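Here is the structure we will look at.
The values are calculated or read from the model by the stated rules, or taken from the named source; none is laboratory data. The shown structure was predicted, so the numbers you read here are calculated from the model rather than taken from an experiment. Positions of Cβ are backbone-derived with ideal geometry, glycine not excepted, and every protein chain shown enters the neighbour counts.
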Amino acid sequence: MDGFVKVRIVQANGMDLSQFQFDFDLTFATFFMNADMTLYGRFGSRSDFKDAMRDMSLEGFQKALGAALELHKEYPANSASLIGKKGPESTFKVPEEYPSLRKYKPTLDYEGKVARSCMHCHMVGAAERMIFREKHKPIPDEVLYLWPMPEVLGMTLDSKDKARITSVAKGSSAEKDGFQTDDDILTLEGQPMISIADVQWVLHVAEAPTTLKAEILRNGQTVNLDLSLNEGWRRNSDISWRTTTWDLRRMGTGGLVLEELPAADRQKAGLADTELALQVKHVGQYGDHAVGKKAGFKKGDIFVTFDGKTHRMTETDLMAHVMQNRMPGERIPVTVLRAGTRVDLELPMQ
């Protein structure tokens, strides 16, 4: 750490969104930068609601720090490989320019109103999605399934290393592309990889269908591979853990939190593995998050049909269907199983 000038940013107010592009649902994120604002890399990954540290470790952070210093020693000779670290211009220059965030100011109000004037990072992600919703447009995959983890493609990376593959799922696109356990991803699209977040960044800004160029270190030898991103590849992502998903629930399920029914309970309810079985885990009680409650939904209800669909879906699948196919003001027919009896209801879209 002694090799760095350390700066901490604790709110999103006035943040340069063209420079600071990261997963806004994180509770911790690090940028490694040159004084001229050139990015060496990012650190900070998450894929679970309860365990914020599942995809991060002090060991991984230490290796990212060391790798950033090595890149700094080589700068500016390596500047061409770092160009892709910075993304395209953002929709707005700063968060307070978003229509839904215009009540905020670039600086905090320290006259007893710090909490109310502080803009949280997750608000930026929610504001980006709101642009599409307010215009009655489908939320595109790249905005809905943002910052995909490598697992979406079938490879798991070691949280205690930079970008080392610990497993490759059988039949996955990563396996078909030739990636193997213990491979170290040195570069992706020509960019040096110093963390899982760096891999996520390349995936986040990638369009589909496309093929990404990867340089791999395998048994001391460098191997060049292609990483295939097929149409719809992002849709294997789970977004239910994200803080910004609370706003999707407000818009799409009226404040209901849904979870898949366990296998034993499915069998008890007479529902096959291939059928829809999402149980209401929580019912919002206030404001726009109480719309589901007002529409008659109760905790413990089991969704068995939703908008005419009866096939198995996750909560992510259901919300994605709503955000991309149904607009505010529409009413979705839903059939729930309640104490063994099927009840027909309607869910208003917001």
How many residues does region 214-260 hold that are within 17 Å of residue 200 (Cβ to Cβ) and charged (D, E, K, R)? 4
Being surrounded by 14 or more Cβ atoms within 10 Å (Cβ to Cβ) and either over 26 Å from the mean Cα position of the chain (by Cα) or not in a loop (DSSP other than H, G, I, E, B) (or both) is the filter here; which residues of region 110-120 pass it? 117
Those residues that are outside any loop (DSSP other than H, G, I, E, B) and either among the acidic types (Asp, Glu) or under 22 Å from residue 340 (Cβ atoms) (or both), I need them from region 294-308; list them, please. 302, 303, 304, 305, 306
Which ones in region 161-183 are buried (at least 17 other Cβ atoms within 10 Å of the Cβ) and of a type in the set (A, V, I, L, M, F, W, C)? 163, 165, 168, 174, 179
Cβ-Cβ below 7 Å, separation at least six or inter-chain, first residue in region 110-132 and closer than 19 Å to residue 10 by Cα, second part of a loop (DSSP other than H, G, I, E, B) and of a type in the set (Asp, Glu): which pairs? 117/109; 122/25; 125/25
Please enumerate the residues belonging to region 216-236 that are of a type outside the set (Val, Ile, Thr) and in contact with a Leu (Cβ under 6 Å, 6 or more places away or on another chain). 217, 227
Answer yes or no as to whether residue 291 is among the hydrophobic types (A, V, I, L, M, F, W, C) and outside any strand (DSSP E or B). yes
The conditions are (1) surrounded by 15 or more Cβ atoms within 10 Å (Cβ to Cβ); (2) touching a Gly at 6+ places or on another chain (Cβ under 8 Å); (3) within 23 Å of residue 143 (Cβ to Cβ), and residue 313 fails exactly one of them. Which is it? (2)
Expected output for region 12-28 (first residue in contact (Cβ under 8 Å) with a residue 12 or more places away in the chain, partner charged (D, E, K, R) and not in a loop (DSSP other than H, G, I, E, B), Cβ below 8 Å, 6+ apart or cross-chain) is 13/96; 14/96; 22/42
Considering only residues that are within 27 Å of residue 117 (Cα to Cα) and outside any loop (DSSP other than H, G, I, E, B), which ones fall in region 8-46? 30, 31
Checking the structure you have, find out if any residue of region 224-235 is on the phi > 0 side of the Ramachandran plot and within 19 Å of the chain's Cα centre (by Cα). yes
Given the options 318, 271, 258, 337, name the one that is crowded, with 17+ Cβ neighbours inside 10 Å and part of a helix (DSSP H, G or I). 318
It is to be established whether one or more residues within region 216-235 are touching a Phe, Trp or Tyr at 6+ places or on another chain (Cβ under 6 Å), in a loop (DSSP other than H, G, I, E, B), surrounded by 15 or more Cβ atoms within 10 Å (Cβ to Cβ) and in contact (Cβ under 8 Å) with a residue 24 or more places away in the chain. no
Kindly indicate which of 100, 81 is closer than 22 Å to residue 200 by Cα, among the polar types (S, T, N, Q) and assigned to a helix (DSSP H, G or I). 81
Looking at 229, 146, 153 in this structure, which one is touching a strand residue (DSSP E or B) at 6+ places or on another chain (Cβ under 6 Å) and under 26 Å from residue 48 (Cα atoms)? 229
Can you tell me which residue among 54, 46, 42 is surrounded by 12 or more Cβ atoms within 10 Å (Cβ to Cβ), out of contact with any Cys (no Cβ under 8 Å at 6 or more places or on another chain), basic (Lys, Arg) and closer than 18 Å to residue 244 by Cα? 46
Single residue of 309, 294 found to be out of contact with any strand residue (DSSP E or B) (no Cβ under 7 Å at 6 or more places or on another chain) and either within 15 Å of residue 275 (Cβ to Cβ) or modelled with pLDDT under 95 (or both): 309
Hits in region 70-90 - residues which are under 28 Å from the mean Cα position of the chain (by Cα) and surrounded by 13 or more Cβ atoms within 10 Å (Cβ to Cβ): 71, 81, 82, 84, 85, 86, 87, 90
Conditions first: (1) in contact with an Asp or Glu (Cβ under 6 Å, 6 or more places away or on another chain); (2) of a type outside the set (D, E, K, R); (3) loosely packed, with under 15 Cβ neighbours inside 10 Å. Residue 104 passes all but one, so which condition is the exception? (3)
Output the qualifying pairs, or none if there are none: Cβ atoms under 9 angstrom, residues six or more apart or on different chains, first residue in region 54-74 and closer than 15 Å to residue 193 by Cβ, second residue of a type in the set (D, E, K, R) and part of a helix (DSSP H, G or I). 64/198
